[in-house]
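Working notes for the structure below.
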Amino acid sequence: MQYLRFAMAIAIPFAALWLASCKSGTTSPEQPAKLMPLAEGNYWVYDEYELDSNYQRTGKKAYDSLYVGASMQLGGRTAYPVISYYEGDTVSQDTLYYSVDADGTLWQYMSLGGDFQGAELPTIPPRWVKITTGGNETSWTILDSTLSITYQGMPFNLTMKVTGAKAGTESITLNGKTYTAQRFSQTITANVAGGFASFTGADTSAYIAGIGRAKSRSSTTISIPIAGVTSRGGIEAILVRYRVAAQ
């Protein structure tokens, strides 16, 4: 069970930090600057479903909401805090910071480090990480590194790679209207040296121009071969209502 605790200690924060992760007719995704409208007061509310080990809905339904706060300067960019409320709980809220380029490229401010459930995580300085692109690139590398981790006094090496990519388009119907949404994905692989544990995860989100993220689906797999343990699961979120300031 020691290896199970260790794997969970490294996998949970990685998933949270890196995967993580708020009009009539058919619109076009060719308006990247509006894929995620960032303005104070904008909000989105989602129906959220847990996924089982086969990545099917378990029947457990909740709702999650995102609210955009006032802009600020952070890491050399104009940033907007996006506050997440799970089931409307103002106590268990979480805040992430986003910024958008003139061409519509969306960035998220992330960092890694410190103690988590007994595992001393390596410190990665805060940085802006690309979530979507308004350019012509189809994929990009977010992180590709070997990190040193200490768990209960034992040193481990962890190889970790995170990538982002365009993932095509899809048709989404929202409030009786049909839109063409642009999809983007992030994938993560993390392996502990010696084969003690591994973690893989993927998140795909679809954005509607002028509205924001309309749906997302994440999946994770945690494997600890020495303990014979494999755990799978995920989350799916569907936009049900929103308020976005006029562009």
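Every number in this text was worked out from the coordinates using simple rules, so none of it is lab data. From a predicted model like this one, the values you see are computed outputs, not experimental measurements. Cβ coordinates were reconstructed from backbone atoms using ideal geometry, including for glycine residues, and neighbour counts include every protein chain displayed.
Please give me the summed charge of the neighbours of ILE188: other residues whose Cβ is under 14 Å from its Cβ, Lys and Arg +1, Asp and Glu -1. Write down the numbers at each step before the final one.
Details: positive: LYS161; negative: ASP144, ASP203.
Charge balance in the 14 Å sphere: -1.
For the peptides 48-57, 163-172, what is the packing order when you average, over each peptide's residues, the other Cβ atoms within 10 Å and list the highest mean first?
Numbers: 48-57: 14.2, 163-172: 15.9.
Highest-to-lowest ranking by the protection proxy: 163-172, 48-57.
Tell me, THR146, THR105, THR220 in order of fewest to most beta-carbon neighbours within 10 Å?
Working: THR146 11, THR105 18, THR220 22.
Fewest-to-most ranking of THR146, THR105, THR220: THR146, THR105, THR220.
Potential lengthening of the chain between GLU137 and ALA70 amounts to 21.1 nm, from the contour at 0.36 nm per residue minus the alpha-carbon distance. Cross-link pairs exceeding 22 Å in C-alpha to C-alpha distance, out of LYS61/LYS177; LYS60/LYS130; LYS130/LYS161; LYS60/LYS166; LYS34/LYS60; LYS34/LYS130, comprise LYS61/LYS177; LYS60/LYS130; LYS60/LYS166; LYS34/LYS60.
Listed highest first by mean packing, meaning other Cβ atoms within 10 Å per residue, what order do 225-233, 67-75 come in? Don't jump to the answer; show the numbers that get you there.
Numbers: 225-233: 13.0, 67-75: 14.6.
So the order, starting with the most tightly packed, is 67-75, 225-233.
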